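The values are calculated or read from the model by the stated rules, or taken from the named source; none is laboratory data. Every value quoted in this text rests on a predicted model; they were computed, and no experiment measured them. Positions of Cβ are generated from backbone atoms using ideal geometry, with glycine treated the same way; all protein chains shown enter the neighbour counts.
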Amino acid sequence: AQSVTQLDSHVSVSEGTPVLLRCNYSSSYSPSLFWYVQHPNKGLQLLLKYTSAATLVKGINGFEAEFKKSETSFHLTKPSAHMSDAAEYFCVVSDDSNYQLIWGAGTKLIIKP
Amino acid sequence: GAGVSQTPSNKVTEKGKYVELRCDPISGHTALYWYRQSLGQGPEFLIYFQGTGAADDSGLPNDRFFAVRPEGSVSTLKIQRTERGDSAVYLCASSATGGWGETQYFGPGTRLLVL
């Protein structure tokens, strides 16, 4: 069975410093992987996705993620945090054979001024 | 273009009552999904529609929960005899065809509170 582990429930960084949100997955086959962001009282928005093309995926708002099969990781990074990045981030893997999304528990990103 | 919309945005009801939650997917999307998100957790899959039919309802927690999509567009999630444990945010998503790896687009959710 597939699963997703987000290694940190909370991450706190200062504005202007790099962001790293960690995600590990388990999958029997080549997965599709996604990062979604959820701002307070807003809907889930897709940041980026990996579907077996380039291993370094660029998303919106300056975020990117690298698929590392040997480490079964898909960590999300951003070079310089902005106050507007404060939100909950979810790492998601798509089920091997169909549409079902398997969600991590989420990482809350806190940005200090 | 218009995204996924959900109504109402908030619903407060009493234990034992019946509620309906509505989802309007992106126009032309054949696949529609319902999820439930409890506080501090990621969304939990409930049901998937392909057109008018429920292709997978394995996530519905019990027979108090039911969903329909009679014309292959708008969907309604129905909860009978609500319980306090049903309190959560109910999310709807749609995608173009339901294929593997396809992006699902989410609505803002309906926050249900059962007193």
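Annotations
- Criterion applied to A:LEU44, A:LEU7, A:LEU33 was being more than 10 Å from the chain's Cα centre (by Cα) and surrounded by 20 or more Cβ atoms within 10 Å (Cβ to Cβ), and the one residue passing it is A:LEU44.
- Of the strands (runs of 3 or more DSSP E) that lie entirely inside region B:19-115, those containing 3 or more residues that are under 20 Å from A:PHE34 (Cα atoms) and within 12 Å of chain A (Cβ to nearest Cβ) span B:31-37, B:44-50, B:88-95.
For every residue, the table says whether it meets (1) touching a Leu at 6+ places or on another chain (Cβ under 9 Å); (2) farther than 22 Å from B:GLN41 by Cα; (3) at pLDDT below 90.
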site: A:GLY43; (1), (2), (3): yes, no, yes
site: A:LEU47; (1), (2), (3): yes, no, no
site: A:SER52; (1), (2), (3): no, yes, yes
site: A:ILE60; (1), (2), (3): yes, yes, no
site: A:PHE74; (1), (2), (3): yes, no, no
site: A:THR77; (1), (2), (3): yes, no, no
site: A:SER84; (1), (2), (3): no, no, no
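- Which listed residue is more than 10 Å from the chain's Cα centre (by Cα) and either more than 26 Å from A:VAL4 (Cβ to Cβ) or among the hydroxyl-bearing types (Ser, Thr, Tyr) (or both), from B:PRO108, B:PRO8: B:PRO8
- Residues in region A:88-113 that are more than 14 Å from chain B (Cβ to nearest Cβ), surrounded by fewer than 19 Cβ atoms within 10 Å (Cβ to Cβ) and not basic (Lys, Arg): A:ILE110, A:PRO113.
- Count - residues of region B:51-79 that are more than 18 Å from B:VAL19 (Cβ to Cβ), touching a residue at least 40 places away in the same chain (Cβ under 8 Å) and of a type in the set (Ser, Thr, Tyr): 1
- The requirement of being more than 25 Å from B:VAL4 (Cβ to Cβ), surrounded by fewer than 17 Cβ atoms within 10 Å (Cβ to Cβ) and under 11 Å from the mean Cα position of the chain (by Cα) is satisfied by A:LEU20.
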